[in-house]
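Inspection log for the structure reproduced underneath, given as structure tokens.
The values are calculated or read from the model by the stated rules, or taken from the named source; none is laboratory data. Quick caveat, the model's predicted, so the values are computed rather than measured. Neighbour counts are summed over all protein chains in view; Cβ atoms, including those assigned to glycine, are modelled from backbone coordinates with ideal geometry. Side chains are part of the model used for accessible areas, which takes the heavy atoms of the whole protein and leaves out ligands, DNA and RNA. Shrake-Rupley method; radii C 1.70, N 1.55, O 1.52, S 1.80 Å.
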Amino acid sequence: MENSRLKEEHEKVSALLTKYIGKPFDSLTPGAGSSQGVLPTGAPNQGTTSHGIDLERNPGSDNRKLVCRRRGIPDMEKALMAETAASAADELVRLLRANEPLWIKSPSDGRYIIDRVGYEKLYARSGRFKSSNARVESSKDSAMVTLPGMDLVDMFLDPNKWIDLFPTIVTKARTILVLEAGTVGNRNGSLQMMYEQMHILSPLVPRREFYFLRLCQQLEPGQWVIADISYDFLKDGSPSRAWRLPSGCMIEDKPDGCSKVTWVEHVEVDDRTQTHRLYRDLICGRSAYGAERWITNLRRICERLTFYKEETAAAREFGGVVTSPEGRRSVVNLSHRMVKIFFASLEMSGKLDFPQLSEVNNSGVRVAIRKNTEQGQLIGMVVSAATSLWLPLSPQNVFSFFKDEKSRSQWDILSNGNTVHEISHISNGTDPGNCISIIRPFIPTENNMLMLQESCTDSSGSMVVYAPVDIPAMNMVIGGEDSSIIPILPSGFVISGDGRPDTGSTGVDSRGSLLTVAFQILIAGPNATPSTELNMESAATVNTLISTTALKIKAALNCSNLD
């Protein structure tokens with residue numbers, strides 16, 4: 001009787017899975033009815049164990065999840081995952097192809113948002129969060145990018161490449177389990193459970209975390225859809241106050257190795273009370289994590305990749321200290337890693353607050369101390385500090401100030417009030433502000449140091465990220481050697497609009513900019529023992545440093561009257 005019951009259950013699950021994935025259920029497991037594995041035969045093991053779950057890298061795992069690892073994922077659970085992902089893909093395709101009346105223009109900013117009444121008639125669902133502050137964010141955008149569709153598909157399905165595509169948004173990502181891997185050159189039906197952590201702009205903006213299913217479907221030759229939907233994998237609620245409704249993008253091949261990407265973001269969030277009021281208008285106005293930001297960042301990184309592939313462009317850029325394609329590639333890789341480290345550092349978990357600055361237009365200073373053991377960064381005790389402030393200037397004007405060599409001495413402590421000289425300039429986009437520079441600071445006592453800097457700007461905001469690199473290490477990089485072993489500890493600036501509505505009644509734009517200033521400093525070597533005295537002394541020192549820098553910036557921009 002038990003065997004008969006199990007056989008009947010297995011047949012139901014198999015039929016359900018076949019319906020939604022298009023492949024027999026037995027093709028996903030080593031044996032019929034087995035629950036001892038989730039990777040199909042010959043599928044690449046993308047950072048998972050043979051049972052599909054890497055508990056050591058899985059945040060929030062506990063002893064209860066160990067049972068799940070040993071026994072594998074139940075058949076019914078895998079079938080439910082497949083059904084959830086397939087249903088999400090169907091909904092996403094409809095949202096991607098629909099226009100008005102399902103999508104309407106927001107009265108506040110003119111961006112397209114989902115009409116809630118029309119949507120709920122099609123897809124009735126109860127809210128994930130019960131708080132009165134909970135809200136739904138929806139947005140849609142599209143653009144042409146300079147990469148072939150299949151290349152994008154492969155990058156979206158590889159968590160490491162996914163981070164590289166969006167280094168200013170995605171700080172952590174990994175594949176937790178693979179239900180269907182697809183084949184090389186054909187990722188149709190690829191289905192995986194992923195973890196993603198997103199953090200942007202400032203420590204005042206809470207991170208967003210998702211456990212979600214990602215399904216790739218090829219709709220027709222040269223056209224794919226990548227569908228994401230949150231899934232309560234740990235069965236103990238969302239890891240953060242964010243829940244992804246069917247979201248993702250459609251990728252369409254176009255001539256000359258380009259693609260058209262149409263993006264939909266649709267999430268339910270409850271983070272208003274966790275977000276500092278400086279950033280509340282920007283975050284709650286949908287633009288910070290919206291489809292436009294994803295599309296803008298994707299366009300910029302694709303343009304960056306295209307620039308590095310063009311040997312003719314490389315030939316025009318050479319000169320100064322970088323004289324070979326290998327050296328250019330090594331400098332670019334080091335700079336890309338620098339940007340990723342910088343944005344990951346903005347989360348600042350376990351931070352201390354120094355709120356003596358006014359909280360109207362300034363956030364105070366936030367300090368975090370960590371023991372750094374990661375290869376490619378300076379090993380030892382590192383103190384991170386950041387402050388965010390509002391400036392009554394346009395984001396482009398603020399970005400131009402930080403890009404100007406002549407004004408650097410007004411804020412950069414490493415220049416010691418002296419001028420600096422750019423000895424190498426590598427463009428990575430059509431906008432002249434998008435570039436990588438090697439800068440020589442004229443400091444008599446620091447003749448052995450250079451500065452690597454990357455700056456970029458687009459409609460979603462700007463950044464200037466830099467780090468000191470000693471001359472012997474920089475010579476290795478310029479010579480084309482592997483730059484992944486060069487330790488680097490970046491600091492920098494993130495600039496965005498303030499998200500506030502224009503209330504100027506005189507015809508003058510009353511909106512301003514939000515600026516985050518973030519420093520990282522090595523305070524002790526790898527053998528140092530953490531101590532309360534060392535931590536407090538270091539925190540106080542860097543608090544003074546960053547507060548002084550903020551005052552210098554405001555003075556240079558004629559904003560000293562701001563509290």
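Per-structure values
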| quantity | calculated |
| --- | --- |
| Residue that is nearest to residue 305 (Cα to Cα) [pool: residues in the stretch 394-420 that are in contact with a Lys or Arg (Cβ under 8 Å, 6 or more places away or on another chain) and at pLDDT below 85] | 420 |
| Residues of the stretch 253-306 classified as modelled with pLDDT of 90 or more, touching a helix residue (DSSP H, G or I) at 6+ places or on another chain (Cβ under 7 Å) and surrounded by fewer than 19 Cβ atoms within 10 Å (Cβ to Cβ), total | 1 |
| Tally of residues being open to solvent by less than 10 Å² (accessible area, probe 1.4 Å), more than 16 Å from residue 262 (Cα to Cα), over 16 Å from the mean Cα position of the chain (by Cα) and not aliphatic (A, V, I, L, M) across the stretch 197-232 | 2 |
| Selection count, the stretch 372-415, where residues are assigned to a helix (DSSP H, G or I), hydroxyl-bearing (Ser, Thr, Tyr) and closer than 18 Å to residue 515 by Cα | 2 |
| All positions within the stretch 78-131 that are small (Gly, Ala, Ser) and more than 28 Å from the chain's Cα centre (by Cα) | 79, 118, 124, 126 |
| Tally of residues being in contact with a Gly (Cβ under 7 Å, 6 or more places away or on another chain), in a loop (DSSP other than H, G, I, E, B) and open to solvent by 10 Å² or more (accessible area, probe 1.4 Å) across the stretch 178-196 | 3 |
| Pair list, Cβ under 6 Å, 6 or more apart: the stretch 458-472 residue assigned to a loop (DSSP other than H, G, I, E, B), other residue open to solvent by 10 Å² or more (accessible area, probe 1.4 Å) and not acidic (Asp, Glu) | 459/296; 460/293; 460/296 |
| Given (1) out of contact with any helix residue (DSSP H, G or I) (no Cβ under 7 Å at 6 or more places or on another chain); (2) closer than 30 Å to residue 455 by Cβ; (3) not in a strand (DSSP E or B), index of the condition residue 118 fails | (2) |
| Residue satisfying condition, being at pLDDT 90 or above, assigned to a strand (DSSP E or B), more than 26 Å from residue 119 (Cβ to Cβ) and among the β-branched types (Val, Ile, Thr), within set 175, 168 | 175 |
| Residue satisfying all of: in the stretch 132-181; free of Cβ contacts under 8 Å to residues at least 60 places away in the same chain and within 26 Å of residue 203 (Cα to Cα); nearest to the chain's Cα centre (by Cα) among these | 170 |
| Within the stretch 98-120, considering residues that are modelled with pLDDT of 90 or more and closer than 15 Å to residue 262 by Cβ, the one surrounded by the fewest Cβ atoms within 10 Å (Cβ to Cβ) | 102 |
| Sole exception among (1) at pLDDT 80 or above; (2) open to solvent by 70 Å² or more (accessible area, probe 1.4 Å) for residue 79, by number | (2) |
| Qualifying residue in the stretch 248-264 (condition: within 30 Å of residue 384 (Cβ to Cβ) and out of contact with any Cys (no Cβ under 7 Å at 6 or more places or on another chain)) | no |
| Selected residue [of a type in the set (Gly, Ala, Ser) and either surrounded by fewer than 20 Cβ atoms within 10 Å (Cβ to Cβ) or modelled with pLDDT under 90 (or both)] from 505, 462 | 505 |
| Scope the stretch 66-76; condition among the charged types (D, E, K, R), open to solvent by less than 70 Å² (accessible area, probe 1.4 Å) and modelled with pLDDT under 50; matching residues | 69 |
| Count of residues meeting criterion [at pLDDT below 95, in a strand (DSSP E or B) and open to solvent by 30 Å² or more (accessible area, probe 1.4 Å)] in the stretch 233-252 | 1 |
| Tabulated pairs, the stretch 429-448, first under 16 Å from residue 465 (Cα atoms) and open to solvent by less than 60 Å² (accessible area, probe 1.4 Å), second modelled with pLDDT under 85 and hydrophobic (A, V, I, L, M, F, W, C), C-beta under 6 angstrom, 6+ apart or interchain | 439/420; 441/414; 441/420 |
| Test: residue in the stretch 196-207 that is in contact with a Cys (Cβ under 9 Å, 6 or more places away or on another chain) and at pLDDT 90 or above | no |
| Selected residue (only one of 214, 272, 280 is part of a loop (DSSP other than H, G, I, E, B) and charged (D, E, K, R)) | 272 |
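Let's see how each residue does on (1) of a type in the set (S, T, N, Q); (2) open to solvent by 10 Å² or more (accessible area, probe 1.4 Å):
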| position | (1), (2) |
| --- | --- |
| 373 | yes, yes |
| 378 | no, yes |
| 383 | no, no |
| 387 | yes, no |
| 392 | no, yes |
| 395 | no, yes |
| 402 | no, no |
| 409 | yes, yes |
| 418 | yes, yes |
